[in-house]
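Notes follow once the structure below has been shown.
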Amino acid sequence: MTPADDLAHQATAAPEHTDAFWMPFTANRQFKKTPRLLASAEGMYYRSTDGREILDGTGGLWCCNAGHARPRIVKAIQEQAATLDFAPTFQMGHPLPFVLAERLKAIAPDGLDHVFFTNSGSESVDTALKIALAYHRARGEGQRTRLIGREKGYHGVGFGGISVGGMVNNRKFFGAMLPGVDHLRHTLDIARNGFNRGLPKHGIELAEDLERLVQLHDASTIAAVIVEPISGSAGVVLPPEGYLKRLREICDKHGILLIFDEVITGFGRVGKACFGVTPDLITTAKGLTNGAVPMGAVFASGKIHDAFMHGPEGAIELFHGYTYSGHPLACAAALATLDTYQEEGLFEKAIELGGYWEDAIHALKGLPNVIDIRNYGLIGAVELAAREGAPGSRGYDAFNRAFHDQNLMVRCTGDVLALSPPLILQKEHIDRIFDRLAATIRATA
Ligand code: PXG
């Protein structure tokens with residue numbers, strides 16, 4: 001075997017040893033006893049190392065919005081690797097991040113016309129928080145140092161992200177985190193909004209929680225508020241109707257920046273970005289490159305960007321960046337991804353298919369242990385009742401059963417089964433996803 005053949009074999013066969021790889025966000029010992037291993041992927045399907053076709057109900061991990069192994073993206077990465085494998089972007093450059101930033105600006109909400117590149121959602125979040133702090137300092141309001149997140153929020157795993165985040169297990173093991181952070185209440189309210197279709201009808205008043213924090217801390221100390229328009233990781237928590245608009249109004253009233261973390265919701269997942277509300281900063285990653293090469297991007301308004309562009313011309317305006325900011329392979333993947341989205345009209349798909357998706361997921365109501373169903377765009381969640389004394393175990397069993405017995409990939413987060421399929425899916429895939437999910441739920445006691 002040549003080394004290339006050997007790599008192809010190693011990438012598709014179950015590994016001989018599993019000890020050395022410390023897996024992220026995984027029950028390592030449980031996984032390694034009965035691994036779930038993927039060897040290849042095309043379109044809507046993965047193929048497992050034991051040769052089964054697995055229907056991808058989650059776009060990988062909320063990132064493969066155009067499906068898998070799309071020829072244009074594959075070719076762009078291959079060609080770019082052979083042309084320019086790496087080039088620095090610190091006091092140097094190469095053409096692609098400039099081209100990509102212009103393309104992104106053209107599809108961003110109005111006014112968000114500057115782009116800072118990162119390599120992940122976590123880095124995008126840290127970048128946006130740092131920009132927010134430095135922005136206020138640049139305009140002489142350096143006392144605005146407080147950051148406001150929200151309960152149940154997920155903003156990645158950097159210290160900034162877990163500090164403003166609100167998922168207990170992502171925080172409690174890691175010490176005191178950033179000082180000067182506070183949290184809004186979350187918007188999940190099954191008692192009032194259970195089995196609602198689309199955005200919840202009740203809960204706009206939860207935005208007033210920001211006024212409460214302003215009363216407590218004084219607006220002059222608050223730099224920014226960060227929220228996910230829809231949070232995925234916490235089990236698909238939707239914004240009540242009018243909530244995001246109200247947050248925007250309160251931020252404007254008090255000179256507080258509003259950051260939308262669109263790492264999951266960006267790039268077509270919910271159709272149009274931002275629910276008609278324009279934030280000051282947007283964090284993205286995942287769908288930006290269809291998951292094919294790690295990349296994130298922070299979109300900043302002209303107001304924010306321009307506040308930095310003062311002082312001597314030779315002064316570095318923002319002391320921040322990553323070795324791989326604007327990496328050539330990531331840029332090539334992102335440009336080919338944007339072409340694919342555009343050519344195939346994928347940003348419209350969540351709107352076109354949203355109604356069919358909604359009917360299909362809500363047809364699961366009445367199955368054993370289903371206590372709520374939530375949906376928006378091409379996102380869905382089915383919440384199962386927790387087993388007495390063992391929260392999360394029913395969700396995990398359903399997820400594991402879906403993979404092994406139904407050839408379906410879903411996500412479980414606690415007892416919530418979350419879905420975010422590639423946007424290339426057709427009605428027949430939707431039928432298949434929910435047939436298999438229904439069988440899974442029936443079989444999971
Ligand atoms: N912000 C949001 C809103 C996210 O959903 C991140 C930041 C962090 O991105 P990186 O690229 O650093 O992982 C995320 C990531 C899940 C799940 O199961 C969700 C994410 C990651 C892994 C699993 O829902 N979101």
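The values are calculated or read from the model by the stated rules, or taken from the named source; none is laboratory data. Values in this document were obtained by computation on a predicted structure and should not be read as measured data. Here Cβ is always computed from backbone atoms with ideal geometry, including for glycine, and neighbour counts include all displayed protein chains.
So if I check each of ALA132, ALA128, which one is buried (at least 22 other Cβ atoms within 10 Å of the Cβ), of a type in the set (A, V, I, L, M, F, W, C), closer than 13 Å to ASP261 by Cβ and away from the ligand (no atom under 12 Å from the Cβ)?
Checking each option against the conditions leaves just ALA132.
GLY57 fails exactly one of the following numbered conditions: (1) touching a helix residue (DSSP H, G or I) at 6+ places or on another chain (Cβ under 9 Å); (2) small (Gly, Ala, Ser); (3) more than 30 Å from ARG171 (Cα to Cα). What is the number of that condition?
(3)
Find the residue count for the stretch 138-147, including only residues that are of a type in the set (Val, Ile, Thr) and within 16 Å of the ligand (Cβ to nearest atom). Spell out the reasoning first.
So in the stretch 138-147, the residues of a type in the set (Val, Ile, Thr) come out as 145.
From the residues that got through so far, the ones that are within 16 Å of the ligand (Cβ to nearest atom) too are none.
Total meeting the criteria: 0.
Would you be able to say whether some residue in the stretch 218-239 is outside any loop (DSSP other than H, G, I, E, B) and at pLDDT below 95? Explain how you work it out, then say what you get.
Restricting attention to the stretch 218-239, the residues satisfying the condition of being outside any loop (DSSP other than H, G, I, E, B) are 219-227, 231, 237.
If we keep only those that are at pLDDT below 95 as well, we get 231.
Yes.
Hey, could you check the stretch 173-196 for residues that are of a type in the set (D, E, K, R) and assigned to a loop (DSSP other than H, G, I, E, B) and say which is farthest from the ligand (Cβ to nearest atom)?
ASP189
Could you count how many residues in the stretch 324-346 are surrounded by 20 or more Cβ atoms within 10 Å (Cβ to Cβ) and either charged (D, E, K, R) or at pLDDT below 95 (or both)?
Of the residues in the stretch 324-346, 0 are surrounded by 20 or more Cβ atoms within 10 Å (Cβ to Cβ) and either charged (D, E, K, R) or at pLDDT below 95 (or both).
Yes or no: the stretch 68-90 includes at least one residue that is within 16 Å of the ligand (Cβ to nearest atom), touching a strand residue (DSSP E or B) at 6+ places or on another chain (Cβ under 9 Å) and closer than 17 Å to LEU346 by Cα.
Scanning the stretch 68-90 turns up no residue that is within 16 Å of the ligand (Cβ to nearest atom), touching a strand residue (DSSP E or B) at 6+ places or on another chain (Cβ under 9 Å) and closer than 17 Å to LEU346 by Cα.
Looking only at residues that are among the small types (Gly, Ala, Ser) and in a loop (DSSP other than H, G, I, E, B) in the stretch 197-207, which one is surrounded by the fewest Cβ atoms within 10 Å (Cβ to Cβ)?
The selected residue is GLY198.
Which condition from (1) in contact (Cβ under 8 Å) with a residue 40 or more places away in the chain; (2) closer than 19 Å to VAL125 by Cα; (3) of a type outside the set (Ser, Thr, Tyr); (4) within 16 Å of the ligand (Cβ to nearest atom) is the one that ASN170 breaks?
(1)
Can you tell me how many residues in the stretch 390-417 are surrounded by fewer than 17 Cβ atoms within 10 Å (Cβ to Cβ) and β-branched (Val, Ile, Thr)?
Qualifying residue count for the region: 0.
Looking at THR26, THR34, which is the one that is surrounded by fewer than 11 Cβ atoms within 10 Å (Cβ to Cβ) and among the polar types (S, T, N, Q)?
THR34
For residues that are assigned to a strand (DSSP E or B) and either more than 9 Å from the ligand (Cβ to nearest atom) or of a type in the set (S, T, N, Q) (or both), tally how many sit in the stretch 405-425. Outline the logic, then answer.
To start, the set of residues in the stretch 405-425 that are assigned to a strand (DSSP E or B) comprises 408-409, 411-413, 416-419.
Remaining after also requiring either more than 9 Å from the ligand (Cβ to nearest atom) or of a type in the set (S, T, N, Q) (or both): 408-409, 413, 416-417, 419.
The number of residues fulfilling the criteria is 6.
What about GLY160, is it within 15 Å of LEU244 (Cα to Cα), within 16 Å of the ligand (Cβ to nearest atom), touching a residue at least 12 places away in the same chain (Cβ under 8 Å) and under 19 Å from the mean Cα position of the chain (by Cα)? Talk me through it step by step, then tell me what you get.
Working: within 15 Å of LEU244 (Cα to Cα): no; within 16 Å of the ligand (Cβ to nearest atom): yes; touching a residue at least 12 places away in the same chain (Cβ under 8 Å): yes; under 19 Å from the mean Cα position of the chain (by Cα): yes.
So GLY160 does not fit the description; no.
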